[in-house]
Amino acid sequence: MKKLLIALAAAAAVTGLAHAQETKVAIGISGWTGFAPLTLAKEAGLFKKHGLDVTIKKIPQKDRHLAIASGDVQCAATTVETWVGWNAAGVTTTQIFQLDKSYGADGMVVKPGIAKISDLKGKTVAASPPGTSPYFALAWMLKKNGLSPKDVKVVNLEPQPAANAIIAGTEGIDAAMTYEPYLSAVRAKPEAGKIIATTLDYPMVMDTFGCTPKFLAENPKAAKALADGYFDAVEMIKAEPKKSFEIMGADVKQSGEAFEASQKYLRWQDRAANQKFFAGEHAAFSKEAADLLLEVGVIKAIPDLSKLADTQFIK
């Protein structure tokens, strides 16, 4: 009995030590499908396996940088061009790995009668506010068609109500910027409207994960663990898709089947894809994005683009 008690005490001490060594980190995300492997890594114990005690907080994109600035979260997930905006606004952050690329998961929907993007001149478009991914997507698509946000009237609606406005035939709204699963809701109602362009036509929505320079400097092992935990989650999705889709779907109140359908429009990026992306594409896209953000007035000056990413954690 004495030996058993000693053994139990020793086991408890080891467990306590393990918990004591876990690095606490709070992450800001939204319910966007592309971020779901982060939830999977937490719920399936993959972050914990790498010595992390992760808290995930759902924070709208327009407020996520404020949570970073306040110290409420140390890391976040968002689109590549959004990091440019945050750094330009004085919220210094560094990207450490790529999460996903949109392959048709984001798009522009229009009412019947609008045949092409250039037809939107003088029309009203529903989109999230400047500094968000839907607004940037709108600016990007307009620019590629010889227009700018100044050529349309932008009404600020988030992706779900924006899509609903088209489905409902809301008077005064001619087009909307939205993403999955709301994009598919419009697809299912062709009499109400249609998808005129997606990221298959304009590949400019890609998400990355980043943290404050202070957190990275003080916790390099934890930063590597965050990347490794994410890559483990991507591998788990391949190895155990049904279980993974159920875990990720539950977080956004979707069935595993519904979640599986929504993820078909994006590609999660594994370690090899990350290494390729940060070898050149990330810098090139960040430069083009920064120029556009400056042009449409979202930022007042372009930040130091050379400091936007640290690739040591994806090796």
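Per-structure values
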| quantity | calculated |
| --- | --- |
| Sole exception among (1) farther than 15 Å from residue 225 by Cα; (2) more than 12 Å from the chain's Cα centre (by Cα) for residue 32, by number | (2) |
| All positions within region 20-46 that are among the hydrophobic types (A, V, I, L, M, F, W, C) and closer than 16 Å to residue 211 by Cα | 25, 26, 27, 29, 35, 38 |
| Pairs, first closer than 13 Å to residue 137 by Cβ in region 170-188, second charged (D, E, K, R) and assigned to a loop (DSSP other than H, G, I, E, B), C-beta under 8 Å, six or more apart | 175/111; 175/123 |
| Qualifying residue in region 281-302 (condition: more than 24 Å from residue 134 (Cα to Cα) and assigned by TED's automatic domain parsing to the domain that holds residue 84) | no |
| Every residue from region 126-144 that is crowded, with 24+ Cβ neighbours inside 10 Å and free of Cβ contacts under 8 Å to residues at least 60 places away in the same chain | 126, 127, 134, 138 |
| Whichever residue in region 260-315 is touching a Phe, Trp or Tyr at 6+ places or on another chain (Cβ under 7 Å) and among the basic types (Lys, Arg) and, among such residues, is surrounded by the most Cβ atoms within 10 Å (Cβ to Cβ) | 271 |
| Residue in region 208-231 that is more than 14 Å from residue 40 (Cα to Cα), outside any loop (DSSP other than H, G, I, E, B) and touching a His at 6+ places or on another chain (Cβ under 6 Å) present | yes |
| Filter result for the condition that a residue is buried (at least 18 other Cβ atoms within 10 Å of the Cβ) and over 19 Å from residue 198 (Cβ atoms), over 69, 88 | 88 |
| Qualifying residue in region 117-134 (condition: modelled with pLDDT under 95 and assigned to a helix (DSSP H, G or I)) | yes |
| Search result, residues across region 176-194 that are aliphatic (A, V, I, L, M) and either touching a helix residue (DSSP H, G or I) at 6+ places or on another chain (Cβ under 6 Å) or in a loop (DSSP other than H, G, I, E, B) (or both) | 176, 177, 185, 186, 188, 192 |
| Unmet criterion (only one of (1) over 30 Å from residue 22 (Cβ atoms); (2) crowded, with 21+ Cβ neighbours inside 10 Å) for residue 244 | (1) |
| Which listed residue, of 301, 283, is assigned to a helix (DSSP H, G or I) and among the aliphatic types (A, V, I, L, M) | 283 |
| Hits in region 120-135 (condition: farther than 10 Å from residue 147 by Cβ and charged (D, E, K, R)) | 123 |
| Residue check, residue 38 surrounded by 19 or more Cβ atoms within 10 Å (Cβ to Cβ), assigned by TED's automatic domain parsing to the domain that holds residue 289, at pLDDT 95 or above and closer than 30 Å to residue 288 by Cα | yes |
| Condition check for residue 49: modelled with pLDDT of 95 or more, in contact with a strand residue (DSSP E or B) (Cβ under 8 Å, 6 or more places away or on another chain) and surrounded by fewer than 24 Cβ atoms within 10 Å (Cβ to Cβ) | no |
| Count of residues meeting criterion [outside any loop (DSSP other than H, G, I, E, B), over 30 Å from residue 190 (Cβ atoms) and in contact (Cβ under 8 Å) with a residue 60 or more places away in the chain] in region 72-116 | 17 |
| Neighbours by Cβ (under 9 Å, 6+ apart or cross-chain): first from region 243-263, outside the structural domain of residue 42 (by TED's automatic domain parsing); second of a type in the set (Ser, Thr, Tyr) and not in a helix (DSSP H, G or I) | none |
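The values are calculated or read from the model by the stated rules, or taken from the named source; none is laboratory data. For clarity, every value in this text was computed on a predicted model and none was experimentally measured. Backbone-built Cβ (ideal geometry, glycine too); neighbour counts: all protein chains shown.
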